[in-house]
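Enquirer: Have a look at this one before I ask anything.
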Amino acid sequence: MKLHETVAAVTARIQARSQGARSAYLARLDIAAARKPGAERMGCANVAHAFAGMPGNDKFKVVAEKAPNIGIVTAYNDMLSAHTPMQGYPDLIKAEARKFGATAQVAGGVPAMCDGVTQGTPGMELSLFSRDVIAMATAVSLSHDVFDAALMLGVCDKIVPGLLIGALHFGHLPTVFVPAGPMPSGLSNSAKSKVREQAAQGLVGRSELLQAESAAYHGAGTCTFYGTANSNQMLLEAMGLHVPGTAFVAPGGALRDELTREAARTVLGITKAKRFAPIGHVVDERAIVNAMVALLATGGSTNHLIHWVAVAHSAGISINWDDFSALSDVVPTLSRVYPNGSADVNQFQAAGGPGYVIRELLDAGLMHEDVLTVRAGGLREFTAEPALEGEKLHWTPIGASKDDSIVRPASAPFSPTGGLKLLQGNLGRSVIKISAVPENLHVIEAPARVFDSQEALHLAFAAGELNQDVVCVVRWQGPQANGMPELHKLTPPLAVLQGKGYKVALVTDGRMSGASGKVPAAIHLSPEAKAGGPLAKVRDGDIIRLDGTAGTLQVLVSEAEWDARPTVTMPEGAQVANALDMGRELFTGMRSHAKTAEEGALSWL
């Protein structure tokens, strides 16, 4: 299938824009790849330290026999349900490596916070920059420089982007990502949201709310809505960085264990065959475009309009929201998974899952097929479903959609355009998860009510002050102001107002998470208010028009008045509060150096 002209054009302009930085990146990568292995290159004391803790046979293999050595970077902890299954993965990987005459070591662990735990708390203000901490921890882990390949163990929101950014700074290493799969379906996401709305109105108490939340989040594995964590897995499949079809296989079973072993075999296959597929070459401009297309086709997390900008930058590639917008105009929406629909990711997997979506996009000419992946068979291998035949893995073609209310072919999509939309106007540039918003709410025009914190909005809601058509403006929520927390706790009160028949929208320089729902939300507004962005000019009563169809976001005042209006500064009390307690003071440097959301909120430049 011929590549769609818009996909080709966007890829070409990304390549042209990135030429200098990408060439310099690849030159550094190739120098590192050409060196002798660490056990031959390093001094004897260095080598002795590196392998002192290894079992004797492994030590002999890696030092005397020059066997490949896999570095494992793990985000395992007991706080994230998605990561608890990974506790035993290193032992599986080490045992499998030994079968093939290789060795493996846990190179290091990275922190991994659960946004579900920290939502609406001060800890959430560490969330976005935890991505950069994870990237740095990945670099520290791999800096021992005695590895011939790497396996990245992680799933959730900031963890996968952080691992990927870190791995790309060691782009000479063949690298495979190893997920754990979703938890079993519990209380449906829509039923959970209904209880949250009832609690926001005082119709149910804490006991009933806790019971509902515990029925939804009830076991090991990823949360079952299509938020940032599960969008991560979709994008890794589209970039060819997983064992094919691994993303949404349930944790804890024989198939999941065998897929983990296959990850070790896959990365050793690259190393031993000397097939030139280090991660820095796999993640090229075409792979980044494939990830963007997959995100748009599935209505994935808005967070990736920040994270994948940072990922691309780490491979010497420059992308921006105009690229996402151009692709969104031609990429159809092929899936409906909560919050874009009622299905959860287990139902998505059963209906065809990532393999179905990737096949449809390839066949429609909307993805690059001629790309490197971690497998010799290329991206087509990611259009098949894994299963066990006895003790051996095999893959079968996905076939037709098993449920066309969840996944549809590119010839008959849910929408002819993608799930995310760029909004532009005199308030700056922002994004909206338009696929989650009912069509009759794509355009909202109403008076503004300005808040300096999400707590202030909750108080106004509780006092009955928002029972009207309203655009809630929540500012001082950007990377420089307070670390750009997710404002997901605002969803229930705003949804209640919407349910009462009011026209409601949110405009903010903060994030709204991969669970951005049915309330129109213009998020990631750039430049942020703290940096002097126009959001700091908005006053109560200003009429704001959010037009998700036209892609505009405007304060409806005259140009002369708007230009003359002064910007307000961040309240001193808020600045002090955002800098203290819960470890926030440790992130002061990151906040002060942070780039805009559209620039990936990078903190290390």
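Where a number appears in this text, it was derived from the coordinates with a stated rule and is not lab data. Since the structure is predicted, the reported quantities are computational estimates derived from the model, not experimental observations. Because the Cβ atoms are built from the backbone with ideal geometry, glycine has one as well, and the counts that use them run over all protein chains shown.
Enquirer: Could you run the Karplus curve 6.51 cos²θ - 1.76 cosθ + 1.60 with θ = phi - 60° over the range 538-550 and give me ³J(HN,Hα) per residue in whole Hz, x for Gly and Pro?
Expert: 5, 10, 3, x, 4, 7, 10, 10, 9, 10, x, 7, 7
Enquirer: Per DSSP H run of n ≥ 4, the term is -39500 (n - 2.57); total these for the chain, divide by its residue number, and report the mean residue ellipticity at 222 nm rounded to 500 deg cm²/dmol. Let's see the in-between values first.
Expert: On the way: 24 runs with 239 residues, N = 605.
Mean residue ellipticity at 222 nm (helix-derived): -11500 deg cm²/dmol.
Enquirer: Simple spin-label model, 7 Å along Cα-to-Cβ: THR396 to ALA9 in nm?
Expert: 4.3 nm
Enquirer: For the range 160-169, what does the Karplus curve 6.51 cos²θ - 1.76 cosθ + 1.60, with θ = phi - 60°, yield as ³J(HN,Hα) per residue in whole Hz, taken in order and with x for Gly and Pro?
Expert: Those phi angles translate into 5, x, x, 4, 5, 4, x, 5, 5, 7 Hz.
Enquirer: Quick one: which residues, 5+ away or cross-chain, put their amide H under 5 Å from the amide H of ALA149? H built at 1.01 Å from N.
Expert: Amide H to amide H, under 5 Å and 5 or more residues apart or across chains, ALA149 pairs with ASN69, GLY71.
Enquirer: Quickly rank 557-565, 221-229, 582-590, 491-499 as a protection proxy: mean count of other C-beta atoms within 10 Å, highest first. Please list the in-between numbers first.
Expert: Details: 557-565: 11.3, 221-229: 27.0, 582-590: 14.3, 491-499: 21.0.
Per-residue Cβ counts within 10 Å, averaged per peptide and sorted highest first, yield 221-229, 491-499, 582-590, 557-565.
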